[in-house]
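**Q** Quick one: this structure, given as structure tokens, is what I'll be asking you about.
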Amino acid sequence: MERRVCGRRDGLQRGRRRVPQLRHDPRVGDTADARLDSVSLSTYLVDTKKSGGGADGESGGKHKRPNISSDSAKVRRMQRNMTRIQEVADYLSLPKKIVEIALDVYAEAEKQGVNMRGPERESMAVAVLFIACRKAGNARSLKEFEEASGVPKRRIGKSFMSLQRRLDLEVKQASTGEYVQRFCSRLGLPNKTQMIAHAVAKKADSLELSNGQPPVAVAASVIYLVAAYTNSKRSIQEISDVTMIGEKSVKRVCKELNKSRVVLFEGVVMT
């Protein structure tokens, strides 16, 4: 029996939990292939910088023919990366719009010569999707992407910073409110609680009461407080499971926010 000591096989990564396998879902191939046609891979096969020409790929009036084997390898790499982006998007149930933004960012990264090979391939592909979510105002935390892809969030964050720098991207910080609605929905909280939580989260952001905590942690804590105040209480563990924020972190941020509860809930109708 064949035995592999390192690398990935059947969705397993040494030292890590099982990573969801979506590669055999026919929807993935169809979506990725359709998108490959729409972005026209041939656009990226001729390196105009190396040829010394302009956008038409000419140098000194002579058209330089691209290396066929090199081009084939690039097409295969792009297909793999774009399919991986689609896989993670499917796992997170992200809308088509976000996938399209991600693939546009990915195509630009390839065009700019960003390293999308080897050990960096997986984290870069996930980071591209992370950027797309931010751009679309549909924030997902690094922890959620780690869960979906099996790539450590530290590596995703590092690739995100690298892409932001290389592509000169302006990616705004996610707001607390972007997380609140989705988490409330997953917790099955009533609409009234969701509305109050959103208002309190917005106020916490504007008054800078988060004390430097990440928006996703503030969102988790706001939901816990508001749910309790509106008689729709959820346990710390339930909040932690849905938001992927540790129970200790939720308690710590709750303690900070509770100090300003009068200001946070001022003018908010609780009934």
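The values are calculated or read from the model by the stated rules, or taken from the named source; none is laboratory data. Quick caveat, the model's predicted, so the values are computed rather than measured. FYI the Cβ positions are ideal-geometry reconstructions off the backbone, even for glycines, and counts take in every protein chain you see.
**Q** Can you find a residue in the stretch 112-126 that is more than 25 Å from HIS198 (Cα to Cα), modelled with pLDDT of 95 or more and under 14 Å from the mean Cα position of the chain (by Cα)?
**A** yes
**Q** Has the stretch 80-92 got at least one residue that is farther than 30 Å from MET195 by Cβ, surrounded by fewer than 17 Cβ atoms within 10 Å (Cβ to Cβ) and of a type outside the set (A, V, I, L, M)?
**A** yes
**Q** Counting just the residues of the stretch 177-203 that are under 20 Å from the mean Cα position of the chain (by Cα) and at pLDDT below 90, which one comes out farthest from VAL268 (Cα to Cα)?
**A** GLU178
**Q** Between a residue in the stretch 216-238 that is touching a residue at least 60 places away in the same chain (Cβ under 8 Å) and any residue that is assigned to a loop (DSSP other than H, G, I, E, B) and polar (S, T, N, Q), which pairs come within a Cβ distance under 8 Å, given they are 6 or more apart or on different chains?
**A** VAL216/SER141
**Q** Could I ask something else about it? Within the stretch 222-269, can you find the residues that are exposed (fewer than 11 other Cβ atoms within 10 Å of the Cβ) and among the aliphatic types (A, V, I, L, M)?
**A** VAL262, VAL269, listed by residue number.
**Q** Please list, ordered by residue number, the helices (runs of 4 or more DSSP H) wholly in the stretch 221-264 having 1 or more residues that are farther than 18 Å from GLU208 by Cα.
**A** It comes to 236-243, 247-258.
**Q** In addition: Identify, from the list LYS143, LYS192, the residue that is outside the structural domain of ILE131 (by TED's automatic domain parsing) and not polar (S, T, N, Q).
**A** After ruling out the rest, the residue left standing is LYS192.
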